[in-house]
Amino acid sequence: MEQASVPACGDRIDALAGRIEGLSVTGEFPPRADRNGDGTFAGTVTVTSTGAEISGVTTPEADVYVARAGEVVATPPPKDLVGQMVDLRAGVSQVFTARGTIQQCAAGGVLPAGGYEVFAVVVVNRAHAPAVVVAGGPWPLEVS
């Protein structure tokens, strides 16, 4: 398995690791986020093992990044969560809540109206091996 780091504001979203052989990631997010709302949106991310075995500690909420033209424009909101064990073996899935924000990470304020892409990341910290970054997306998001 390949280890990767998570992107920062302004980074290319393709800095995320490619698909990890033996894991699939699916996401369900709303198609739109309202600029006049609270600046957040929520969905779920499901990580399923199709053969890979991965276990360790992660948070119960996936990190959500918003990108436009391949560049990260919104990073995950802060969280205060307790880690939980994850043990994925062939055929096993785990569902993670996933909150994102439409607050610009660089300039501040709400993202301009338009089309964006959502990416989700689950970081699994393993006891005797490097952490694994499991990434999924893109899923479309229209900010209006």
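The values are calculated or read from the model by the stated rules, or taken from the named source; none is laboratory data. Every value quoted in this text rests on a predicted model; they were computed, and no experiment measured them. Neighbour counts are summed over all protein chains in view; Cβ atoms, including those assigned to glycine, are modelled from backbone coordinates with ideal geometry. With ligands, DNA and RNA removed, areas are computed over all heavy atoms of the protein, side chains included. Shrake-Rupley method; radii C 1.70, N 1.55, O 1.52, S 1.80 Å.
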* **Residue check for Val47: touching a residue at least 40 places away in the same chain (Cβ under 8 Å) and closer than 21 Å to Leu23 by Cβ** => yes
* **Total residues in the stretch 98-109, condition at pLDDT 95 or above and open to solvent by less than 40 Å² (accessible area, probe 1.4 Å)** => 4
* **Residues that are modelled with pLDDT of 95 or more, of a type outside the set (Asp, Glu) and open to solvent by 40 Å² or more (accessible area, probe 1.4 Å), drawn from the stretch 116-143** => Pro138, Trp139, Pro140
* Specify which of the listed residues (Ala67, Ala33) is touching a residue at least 24 places away in the same chain (Cβ under 8 Å), hydrophobic (A, V, I, L, M, F, W, C) and in contact with an Asp or Glu (Cβ under 7 Å, 6 or more places away or on another chain). => Ala67
* Structure fact -> Among strands (runs of 3 or more DSSP E) entirely within the stretch 1-97, at least 3 residues that are open to solvent by less than 20 Å² (accessible area, probe 1.4 Å) occur in 40-49, 54-58, 61-68
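Can you pull out the residues in the stretch 98-117 that are part of a loop (DSSP other than H, G, I, E, B) and either among the aromatic types (Phe, Trp, Tyr) or in contact with a Leu (Cβ under 6 Å, 6 or more places away or on another chain) (or both)?
The answer is Ile102, Gln104.
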* Would you confirm whether any residue within the stretch 63-84 is more than 12 Å from the chain's Cα centre (by Cα) and among the polar types (S, T, N, Q)? => yes
* Boolean, Ser24 is within 14 Å of Val133 (Cα to Cα), among the polar types (S, T, N, Q) and in contact with a strand residue (DSSP E or B) (Cβ under 8 Å, 6 or more places away or on another chain) -> yes
